[in-house]
Amino acid sequence: SNTKFLAKESFFISEIIREKIIRFLGEELPHETYVQLQKLEDKENIINIDAEIIVARESQKGIVVGKNGAKLKKIGEKARIDLEKFFNKKVFLKTWVKTKKNWNTAYPDWDPGTRPWNRTPSFNVHARNKKSVTVNLTAPGGRDVLDKLVAVSDVLVENNVPTTSDKLGLSYERISKI
């Protein structure tokens, strides 16, 4: 099997499956689902994929599975079709849904020091392919660092209530002038 090829493409595979979950479940399910590949084998005529869909609550599991497994089957079929087009090869895709309470805040079986990028799985799902930095705006020079970053950045994302943002110098009026 071609494991180097598969390792490179595993993120893409899990995102295709996740995209189908979001597309077919719409607002029924929070976008914080996570797809973890359990098996990935590239054989001569077929790629075998076992994918675990992780949700935070048992009620969400029922939403993904649907009546008599109909929604999960549709998600799997549409993902398989896209994967076969991408790989130009037959794909055998096996999916199942697992509930992991609070998966999006921490993996209880992972030591925080060994978790990828030392961040929660939820952060890793939403911040993939992005660069991020934390700046302490109350520290000396913090606002100068922010201004330099804003000057060369396309997007600034902050997570404060509006009054806090204004106090820290993050008002739209100030930032838009940089």
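The values are calculated or read from the model by the stated rules, or taken from the named source; none is laboratory data. Every value quoted in this text rests on a predicted model; they were computed, and no experiment measured them. Quick reminder, even Gly has a Cβ in these numbers, built from the backbone with ideal geometry, and neighbours come from all protein chains shown. What goes into the accessible areas is simple: the full protein's heavy atoms, side chains included, and nothing from ligands, DNA or RNA. Shrake-Rupley method; radii C 1.70, N 1.55, O 1.52, S 1.80 Å.
Within the range 30-48, the set of residues being closer than 16 Å to residue 19 by Cβ and open to solvent by 30 Å² or more (accessible area, probe 1.4 Å) comprises 30, 31, 32, 34, 36, 37.
For the range 136-148, the set of residues classified as part of a loop (DSSP other than H, G, I, E, B) and of a type in the set (A, V, I, L, M) consists of 137, 139, listed by residue number.
Take the conditions open to solvent by 50 Å² or more (accessible area, probe 1.4 Å) and closer than 18 Å to residue 10 by Cβ and apply them to residue 24. Does it pass? So residue 24 fails the test.
Considered as a group, the residues in the range 149-163 that are outside any loop (DSSP other than H, G, I, E, B) and exposed (fewer than 12 other Cβ atoms within 10 Å of the Cβ) include one that is modelled with the highest pLDDT, and that residue is 151. Would you say residue 101 is assigned to a loop (DSSP other than H, G, I, E, B), within 22 Å of residue 27 (Cα to Cα) and either of a type in the set (S, T, N, Q) or within 18 Å of the chain's Cα centre (by Cα) (or both)? Here the answer is yes, as residue 101 does meet what is asked. Considering the range 49-80, and only residues there that are small (Gly, Ala, Ser) and open to solvent by 10 Å² or more (accessible area, probe 1.4 Å), the residue that is nearest to residue 21 (Cα to Cα) turns out to be 76. The residue of the range 168-178 that is modelled with the lowest pLDDT, among those that are exposed (fewer than 13 other Cβ atoms within 10 Å of the Cβ) and in a helix (DSSP H, G or I), is 172.
Of the residues 70, 79, the single one that is of a type in the set (Gly, Ala, Ser), modelled with pLDDT of 85 or more and within 22 Å of the chain's Cα centre (by Cα) is 79.
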